[in-house]
1. Do you know the relative contact order of the chain, to the nearest whole percent, from alpha carbon pairs under 8 angstrom that are 6+ apart?
2. Across segment 537-551, in residue order, what do the Karplus-derived ³J(HN,Hα) couplings come to in whole Hz, using 6.51 cos²θ - 1.76 cosθ + 1.60 with θ = phi - 60° and x for Gly and Pro?
3. Which percent of the accessible area of the chain is formed by carbon and sulfur heavy atoms (probe 1.4 angstrom)?
4. Write down the percent of antiparallel bridges among all DSSP beta bridges whose residues are both part of segment 1-122, to the nearest 5.
5. Considering only protein heavy atoms, with the full assembly of protein chains and a 1.4 angstrom probe, order ASP370, ASP546 by accessible area, largest first.
6. Only Lys, Arg, Asp and Glu count, each charged at its Cβ (+1, +1, -1, -1), so figure out the dipole size of the chain about its Cα centre, rounded to 20 debye.
7. Skip the ligands, DNA and RNA, and give the accessible area per residue of segment 199-276 with a 1.4 Å probe, whole Å².
8. For segment 113-215, what's the relative contact order in percent, using C-alpha pairs closer than 8 Å and at least 6 residues apart?
Amino acid sequence: MTAASDARTPGYHGRYLCIDLSRQQCEQRAIPPDVLRQFIGGSGLGTWLLLQECPDAVDPLASEAPLLFVFSPLVGSPLTTSAKFAVMAKSPLTGRINDSLSSSHFAIAGKKTGYDAIMVVGKAASPCCLLITPDGVSFEDAVDLWGQPGPATEDRLRQRFGSGYRYTTIGPAGENLVRYATASHAGRHAGRGGLGAVMGAKHLKAVGVAGDRLAAPAHPDELIRYARDLSRRSLGPATAKYRELGTVSNLLTFNRLGSLPTRNFQQSSFDGTEQLAPETSPDTPPRTRSSCAACTIGCEHIFHRPGKSGVRMEYENLFALGPLCGISDPDVVLEASALCDEFGLDTISAGGTIAFAMECAERGLINAPDLRFGNGQALLSMLGQIARREGLGNLLAEGSRCAAEQIGQGAPDFAPHVKGLEIPGYEPRALQTMALGFAVGTRGADHNRSGAYQVDFSDQVDRFDPGSDAIPHAIATENEAALMDSLILCKFLRGVFDDRLAAMAQMLHLVTGWDVDAAELTRTAERIITAKKWFNIRQGWTPAEDTLPRRFLTQPLSDGPGQGATLPEETLRKQIECYNRARRWTPDGWVPQSLLVDFGLMESSDVTAS
């Protein structure tokens, strides 16, 4: 193993590990201290690494395409919800940047290996498992594990190598290069964008991490006092909703507001909601509450089924495998969620793609007689076909955008995606600031990288006609998300802070010793978001991508409180132009070289004459 320089900033190791599966070699590389301050960690630092390491216009499933596991300065600290990590790559689903975050002991153990990030390139000759410690990297055979679900893989790895490692694994969907396959660990998932397929393309069945290297904070005593107070506040009314029922409680609220996507976005409310919602369903199974690693909130709600494993339920899998597919049977939705966990499928993209196929089948565009809205058995069967790439599942494994292009006959008009990423559970015509957030999102349709729905649900705008006044609010939520995804902290903490930027600056100061303020953090967020856009431009982005499917721009809402509401294409275009100008990009979304220089993303000597 090649050594790197030992530059240390409190909270960091100051280096990342590059592993080449093809050559079975690894190398330590230094991360400059100024880069750490400019990009922090997690999603921000991962974006910088992708800009350094990812070839332009690379095939996301090529051996030379890098896969990153990125930690943050707060990982390993006593701060609640800080046990998170980012998995990053060029997405095989979108062809654009993808950062998927997750919580687990993998984050803590990964940072204890002595690195701020782990990068994997190359392709193993046969399925393998990486075991990473401070002493080196072991390339272990995993041929016998190929074909196994993620949870079973973890069990067998623990039997083989002991309980000291924490693992991220893929299931059959990742092995079969389903473009929305997940990278999974301990029942949780880095779910969106197909990172499991990137692992599968590298013959990487699992990554195990273990270590004892600590990155000491700058002010440990003050940090402990702050962490204790934050933990206390995290148990207050701002997080009560998540403790009591979790995000599944959104189902009834969104249905009442007419913002619940139903039957592939043909309606905005679902008449079977009360049968699905745990608050009102007579058939709701018993549930227990759990927590992510190093979290005091405890938002996880695990629903138990007789003779079967428990299922973690959140709003997004409930919506995507329920109303979006016209399914009102809670047993079917629970089984579908369990199958996604087993196969390693992103529930939003799986539900969105199958709902799209259901509409295609009902329109007679594809020959699938049983694939109809409300047919629970067809949903369950199709999940298996997708994971195994069998029959129609082989086409749907490509995602709704690619499937629509192959089906033709007007199907792209109602394929529910932006940049190839299926739209989450927010009806854009009923939440039009969120519609803007979806359209301009660097990852695609995304409710985690843009919190613009917060603006729609506030009294700041009319959600059916937000106007230009919504732009700065939408940008503020995007900036906030970029910072929280780089620190990395759970967004369920947002309501705990009176001044979120000040709180983030204080936590970063206690860990790193940096004297940062709100102004610097805002500039950091702007740099990270612009860096993501610059990565996409280098990978082939064009302004035509920043839009919504034609259905949303030509068809009014057919039901609910917003019945008749429209989102004209010209209105969205003007919103996007205003957003781009506010970001200091050109009106159609290109990043000026002067801004790249200003943010340190380009050397002034590299500026070309226009």
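The values are calculated or read from the model by the stated rules, or taken from the named source; none is laboratory data. Model, not experiment: these values are computed from the prediction. Please note: Cβ atoms are built from the backbone with ideal geometry, for glycine as well, and neighbour counts cover all protein chains shown. What goes into the accessible areas is simple: the full protein's heavy atoms, side chains included, and nothing from ligands, DNA or RNA. Shrake-Rupley method; radii C 1.70, N 1.55, O 1.52, S 1.80 Å.
1. Relative contact order, the chain: 15 percent.
2. Values per residue, Gly and Pro as x: 4, 5, 9, x, 4, 9, x, 4, 6, 7, 7, 10, x, 4, 3 Hz.
3. Reported share for carbon and sulfur atoms: 47 percent.
4. Antiparallel bridges make up about 75 percent of those DSSP assigns within segment 1-122.
5. Most to least solvent-accessible, the answer reads ASP370, ASP546.
6. Working: 59 positive and 69 negative charges, 175 e Å.
Here the size comes out at about 840 debye.
7. On the way: 3290 Å² over 78 residues.
Normalised by residue count, the accessible surface of segment 199-276 is 42 Å².
8. 34
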